[in-house]
Ligand code: MG
């Protein structure tokens, strides 16, 4: 297989702010893998600095992976992804882009959609949450107003006046709220705020504490009824067992774990430990969002809105209408360039 890759700079509709960072552009990388025949697989890396990746590190891993891919058959996904994981253990987003492109090629060669390749039912249209980033109270209100069609909102918290802002937002909408503190709270703060949030229609909380705070997670679950999920704490399947008695669920992202193969391992591992599962995303185009959408029949909560937060997604794939996430028709991912937008050349 021949591998080529291209930068993809996604412009954000709103400056995106969470508890630890702010940005206006997301620099991703699109991968094209061409089999010896004519079939082209599409993949995407959406690196984040939090996990130590950026466009340069992704590009470097991709360049170093070209030889291995050149000598491989696309059906050897397990072997290829394991070898890449051994060689580039910290480059999950880069590895995810190759894993996604391999699955796309196989689906296209077999002329079946990815979910069928994985032995899954066609995902029914399920509701994805829509993310409201941290901003001034006025701007957060405006974002909630703009998101009035979405029945579930994921509100970024983890700052001083978050509970007051949440109260104001509650007056504006009947949407279900999920909150994500992105490591921003102390245990005392979390217990106090989450008890107040019970009356504000908050369905679950994500990553209240800095990574590794297992004892604090156990502690708040004794004092708080809202289910507690971890995201930053759990990168891949090996991280799950340590949290099995400390949380209610985990957030799986292709970019964090290295792709579809590892996401499946995480799903089975989480289920074996009795945990609930959310599938989430970074800020991504329709290419990798669609890859994740093929797995939604296996999870409890969906947070696949990354492509809705940008103004210049050149790709089409899974669509969202009033929060309902629907897969495109087509083989493999079913994603492709929007009409009038040329696919980058091989
Ligand atoms: Mg999160």
Checklist entry - For the chain, what does -39500 (n - 2.57) per DSSP helix run (n ≥ 4), summed and divided by total residues, give at 222 nm, in deg cm²/dmol to the nearest 500? => result -10000 deg cm²/dmol
Item to check | C-alpha center-to-center spacing [the range 224-256, the range 9-61] in angstrom | outcome: 23
Checklist entry - DSSP beta bridges in the chain, what fraction antiparallel, as a percent rounded to 5? => result 55
Checklist entry - Gaussian network model of the chain, Cα springs within a sub-10 Å range: biggest mean-square fluctuation belongs to which of 94, 242, 270? => result 242
Item to check | Choice from 201, 37, 133 with maximal GNM fluctuation in the chain (Cα, 10 Å cutoff) | outcome: 37
Item to check | Nearest-0.05 FRET efficiency for residue 160 and residue 321, computed from C-beta distance (R0 35 Å) | outcome: 0.45
Checklist outcome for this item: Contact order relative to length for the range 2-112, counting C-alpha pairs under 8 Å separated by 6 or more residues, stands in percent at 29
Item to check | Highest to lowest packing among 326-338, 117-129, scored as the average C-beta count within 10 Å | outcome: 326-338, 117-129
Item to check | Selected from 207, 34, 64 as most flexible by GNM, with the chain as the system and alpha-carbon contacts under 10 Å | outcome: 64
Item to check | Efficiency of FRET from Cβ geometry, residue 4 and residue 90, R₀ 35 Å, rounded to 0.05 | outcome: 0.90
Checklist entry - Can you give the relative contact order of the chain as a percent, counting alpha carbon pairs under 8 Å and 6+ residues apart? => result 19
Next on the checklist: For a Förster distance of 41 Å, can you work out the FRET efficiency between the beta-carbons of residue 341 and residue 198, rounded to the nearest 0.05?
Outcome noted: 0.35
Item to check | Sorted by Cβ density within 10 Å, fewest first, the residues 192, 85, 256 | outcome: 192, 85, 256
Checklist entry - To the nearest 10 degrees, how steeply does helix 55-70 sit against the main Cα axis of the chain, on a 0 to 90 scale? => result 40
Checklist outcome for this item: So for the range 126-337, using the alpha carbon gyration tensor with a ≥ b ≥ c as root eigenvalues (a/c under 1.5 gives rounded; past that, a/b versus b/c decides prolate or oblate), I'd call it oblate
Checklist outcome for this item: A chain fully extended from residue 214 to residue 64 at 0.36 nm per residue, minus the present Cα-Cα distance, gains in nm 50.3 nm
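Every number in this text was worked out from the coordinates using simple rules, so none of it is lab data. Only a predicted model underlies this, so the values are computations on that prediction, with no experimental measurement involved. All Cβ positions, glycine included, derive from the backbone under ideal geometry; neighbour counts span all protein chains shown.
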